[in-house]
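The values are calculated or read from the model by the stated rules, or taken from the named source; none is laboratory data. Keep in mind that this is a model prediction, so the values were computed, not measured. Neighbour counts run over all protein chains shown; Cβ positions are idealised from the backbone, glycine included. For the accessible areas, the whole protein counts, side chains as well, though only heavy atoms, and no ligand, DNA or RNA atoms are used. Shrake-Rupley method; radii C 1.70, N 1.55, O 1.52, S 1.80 Å.
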Amino acid sequence: MQINDYNQAGKIAAEVREMVRVKNYVGKSVYEICEEVENEIIKHGAKCAFPVNVSINEIAAHYTAEPNDPIIITDSDLVKIDLGAQINGYIADTAVTICQDTQFDGLIKTAEDALSNAMSIIKVGIKASDIGRVIEKTIKQSGFKPIANLSGHSLDQYTIHAGKSIPNIWSIGGFSLSENTAYACEPFVTTEKGGGFVRNGKIKNIFAINSRKKTKNDEADKLLDYIWEKFNMLPFALRWITKDWEEKKARDLLEQLINKKAVQAYPVLIEINEQKVAQAEHTFIPNENGVIVTTRSR
Ligand SMILES: [Co+2]
């Protein structure tokens with residue numbers, strides 16, 4: 001448990017998130033946004049814990065820009081920006097939803113309220129199901145629906161999903177939160193027309209190493225070594241590889257690594273009724289007195 005590294009990563013992630021919150025990205029491309037936000041994380045002295053996710057409207061999560069991605073933000077787009085900073089592998093994971101159209105303010109505020117209500121009850125020993133209950137209650141009281149099959153997660157060094165889930169709905173049983181463990185809490189909210197679930201989409205543009213077992217293709221193995229050296233087990237995007245590898249070559253080799261199960265590809269997650277989704281997220285560490293929210297605004 002490196003509390004100082006967690007705190008430093010959290011401070012940087014919070015500063016970048018608050019910078020993003022007040023931006024107007026209308027007319028900008030998803031590629032420009034990803035590169036700009038990632039460069040801010042690096043300028044602040046951290047590394048990216050994963051490619052910045054820019055998930056628009058009914059896409060709840062896991063979209064990042066392709067190399068030179070042409071998608072442009074419009075003034076009615078509900079844009080979730082989920083970003084991660086890491087110091088020595090200790091991760092801060094945080095997200096904000098922005099939209100220039102005020103008709104979605106309620107959806108955005110509800111995600112923020114659900115998150116702050118959840119943070120207000122955290123202490124060592126609290127049950128994950130109680131966090132889910134508070135999130136679900138806050139969202140339903142506002143007339144919206146939580147996304148039941150998305151959840152927060154425990155974190156570990158160089159590990160985004162360390163095995164425990166922080167639910168966004170109440171469910172029976174579950175575990176109690178430990179001292180000196182970092183967790184991310186991330187309520188996702190959709191409208192009453194939403195199904196309250198996400199499904200996998202066809203697009204996959206976030207990847208992570210699954211196994212370092214050799215594929216017996218020299219070039220593919222060379223790419224696998226490159227990925228391990230640069231990103232360890234953390235997620236990466238094709239954009240991050242094409243700085244050093246020719247794009248077509250990188251795509252071919254990455255495909256081979258995925259087929260050999262050396263690399264895993266994560267699909268985008270889409271609301272089942274294609275309704276808009278808002279998200280808010282903090283990283284926190286429970287303690288005896290309550291909680292350290294590493295990604296709080298200072
Ligand atoms: Co996140």
In a GNM of the chain with a 10 Å cut-off on Cα contacts, which of Leu155, Leu253, Leu115 has the highest mean-square fluctuation? Leu253
Run the reach check for Lys123 against aspartates and glutamates, Cα to Cα strictly under 14 Å, same-chain hits fewer than 8 apart removed. What comes back? Glu179, Glu288
Any residue on another chain or 5+ positions along whose placed amide H is under 5 Å from the amide H of Ala162 is listed here as Ser154, Leu155, Asp156
Taking N as the number of residues in the stretch 223-298, what value does Rg over Cα atoms divided by 2.2 N^0.38 Å take? 1.60
Bins of 10 Å from zero: percent of alpha-carbon pairs in the stretch 127-227: 13, 32, 28, 17, 9, 1
Taking a 27 Å limit on the Cα-Cα distance, which of the listed pairs Lys80/Lys137; Lys28/Lys202; Lys127/Lys213 fall beyond it? Lys127/Lys213
Partner aspartates and glutamates whose C-alpha sits under 14 Å from that of Lys249, ignoring same-chain residues fewer than 8 away, are Asp218, Glu219, Asp221
Lys and Arg at +1, Asp and Glu at -1: neighbours of Glu136 with Cβ under 12 Å from its Cβ sum to +3
Once the other residues with Cβ under 10 Å from the Cβ of Ala278 are scored (Lys, Arg +1; Asp, Glu -1), what is the net sum? +1
Over the stretch 9-67, relative contact order from alpha-carbon pairs under 8 Å, at least 6 apart, %: 31
Please report the accessible area of Tyr90 (heavy atoms, 1.4 Å probe, ligands and nucleic acids excluded) in Å², nearest 10. 30
Nearest 0.05, what FRET efficiency do Asn117 and Asn4 give at R0 = 41 Å with Cβ-Cβ as r? 0.90
Largest first, what is the accessible-area ranking of Trp228, Trp240 with a 1.4 Å probe? Trp228, Trp240
What is the distance in Å between the Cα centres of the stretch 140-207 and the stretch 1-74? 19
For the chain, calculate the relative contact order in percent as a whole number, restricting contacts to Cα pairs under 8 Å that are 6 or more residues apart. 25
Name the residues whose placed amide hydrogens come within less than 5 Å of the amide hydrogen of Thr215, ignoring near sequence neighbours (fewer than 5 apart) on the same chain. Asp221
Quick one: net charge around Ile73, please, counting Lys, Arg +1 and Asp, Glu -1 for every other residue with C-beta under 13 Å from its C-beta. -3
Once phi for every residue in the stretch 279-292 is put through the Karplus expression 6.51 cos²θ - 1.76 cosθ + 1.60 (θ = phi - 60°), the whole-Hz ³J(HN,Hα) values, with Gly and Pro written as x, are 9, 9, 8, 10, 9, 9, 10, x, 9, 4, 8, x, 7, 9
May I ask you to derive the relative contact order of the stretch 94-191, considering only C-alpha pairs under 8 Å and at least 6 residues apart, and to give it as an integer percent? 34
